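Right, one structure below, let's go through it.
No lab work stands behind these numbers, since they all come straight from the coordinates. Source: prediction; values computed, not measured. All Cβ positions, even for glycine, are placed from backbone atoms using ideal geometry, and neighbour counts span all protein chains on display.
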Amino acid sequence: MLSSLSIIGLGKLGAPMTACFAARGFTVHAVDLNPQKVGSIARGVSPVNEPGLAELLAESGGRKAPTIWHGHSGRLDPVMMIPFPDSVGYFYSEFTQFLGFQRHSDEWKVMGLAP
C-alpha cells in the first residue's frame, strides 16, 4: 500500500492536498520553488489563505517531510530531506510554545521577533 507521496507546488491547491494526505497518515514530500512556502508547511503554518488549513496542518503532525531539491539540466536531484522529529518545523513549534505562545498557531509572532 502507498505510504508516501510527493506534491509539487504548495499554493492554493498543493498546500491543502499536502495537509489532507498528511492528516490521513501519509508521509508527504512537499516541493515548491519558494522556500518560504516549504518552510511554512514544515512549521505547520498555512502558506496560503485557506479556511481550516492551519488546523489541518496542525492535525497532520510531523508526517510532512520538507525536501530541498536542486534543479539542473532538466532534472531535479534531492539535496536534503528533513524528516520528523528532526525537522526545523517541530523545533520551531516547540520553541513557540516555550516562549508562551500557542503551538501551530502563533509561529508568526515568533518570526516577528527575528531581526
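Odds and ends about this structure:
- Relative exposure of 79, 38, 110, 28, judged by other C-beta atoms within 10 Å (fewest first): 79, 110, 38, 28
- Gained length - residue 13 relative to residue 113, 0.36 nm times residue gap less alpha-carbon distance: 33.0 nm
- R0 of 41 Å, Cβ-Cβ distance residue 73-residue 3: FRET efficiency to nearest 0.05: 0.85
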